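Note sheet for the following structure.
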Amino acid sequence: MGEVMRDNATPCFEIRSTASAGEPSQKRSVYDESRVEANRFKWIESEKAGYDLGEGAVRGWVKDHWNGFLRARWLEHLQGKEFWIELDRGDYGLLEHEFQEEQDLLDDILQRLKGGQENLDVLCWALSTHIPMEPVRKILKALDINSLRLVTRFEPCA
């Protein structure tokens, strides 16, 4: 079970993950960083509007940016760049030792995923560019992007 972030001016998220061994000493929280990003977005949008947009701006950030924000953190976690405490500890640094023989293909797939593409988009790209499907499927299976569908929830915070 995940924690629920409670703060008067920010969204509440619930993230569920599993835990396993092997993590660095430097740990970061998706909750904390999302709060910072949502408040930064609120401040910028309020400055543009000339008045405080309040919780509506935070809701806008959640609606428009949460999924991309979460995916970017997940990819950092897989690459071993940042350890995010809400994500599966067993996935941390997975890509540092996997797929070394297919590094260029992995990099291409990661770029597409960072850009918001899904498994089907990657498979269609591979087919259209005549890339052998077996290594693509192997990488996509290991990345298991669909497991990233973490429970996120926004509700007015009490």
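There is no residue in the range 86-108 that is under 13 Å from the mean Cα position of the chain (by Cα) and either among the β-branched types (Val, Ile, Thr) or within 18 Å of ILE131 (Cβ to Cβ) (or both).
Residue count for the range 105-155 satisfying the condition of being out of contact with any Lys or Arg (no Cβ under 9 Å at 6 or more places or on another chain), assigned to a loop (DSSP other than H, G, I, E, B) and either modelled with pLDDT under 85 or surrounded by fewer than 12 Cβ atoms within 10 Å (Cβ to Cβ) (or both): 9. Counting the residues of the range 6-58 that are closer than 19 Å to ARG71 by Cα, at pLDDT below 50 and of a type in the set (A, V, I, L, M) gives 2.
The listed residues are LEU78, LEU87, and the only one of them that is in a helix (DSSP H, G or I) and either crowded, with 18+ Cβ neighbours inside 10 Å or not assigned by TED's automatic domain parsing to the domain that holds TYR31 (or both) turns out to be LEU78. Counting the residues of the range 90-104 that are buried (at least 20 other Cβ atoms within 10 Å of the Cβ) and of a type in the set (D, E, K, R) gives 1.
Hey, any hits in the range 29-49 for a residue that's out of contact with any His (no Cβ under 8 Å at 6 or more places or on another chain) and part of a loop (DSSP other than H, G, I, E, B)? Yes, there is a match, as at least one residue in the range 29-49 is out of contact with any His (no Cβ under 8 Å at 6 or more places or on another chain) and part of a loop (DSSP other than H, G, I, E, B).
The values are calculated or read from the model by the stated rules, or taken from the named source; none is laboratory data. Here the structure is a predicted model, which is why all the values come from computation and not from measurement. With ideal geometry, Cβ positions are generated from the backbone for all residues, glycine too; neighbour counts draw on all protein chains shown.
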